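All of the numbers you see were taken from the coordinates with simple rules; none came from a lab. Quick caveat: nothing in here was measured; it's all calculated off a predicted structure. Here the Cβ is made from the backbone with ideal geometry for all residues, glycine too, and neighbour counts use every protein chain on show.
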Amino acid sequence: MRSEAADAGMSTAEYAVGTLAAVAFAGVLLKVVGGDNVQAALTDIIDRALR
């Protein structure tokens with residue numbers, strides 16, 4: 001019988017898929033935050049917070 005400890009953690013393939021998903025998510029987030037409307041909104045929030 002296999003113990004549960006043998007299945008703990010991710011295998012190399014799972015790390016690769018997880019890393020790829022994280023990079024894809026970061027790319028989408030960068031694209032969204034890089035938009036003019038979002039930058040203006042973030043700048044406004046930061047300006048109001050610093051006053």
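Across the range 34-51, coupling constants 3J(HN,Hα) worked out from phi with the 6.51/-1.76/1.60 Karplus curve, θ = phi - 60°, read x, x, 4, 5, 5, 4, 5, 5, 5, 5, 5, 4, 5, 4, 5, 5, 7, 7 Hz, and Gly and Pro carry x. Rounded to the nearest 0.05, the FRET efficiency derived from the C-beta distance between Asp44 and Thr12 at R0 = 35 Å is 0.20.
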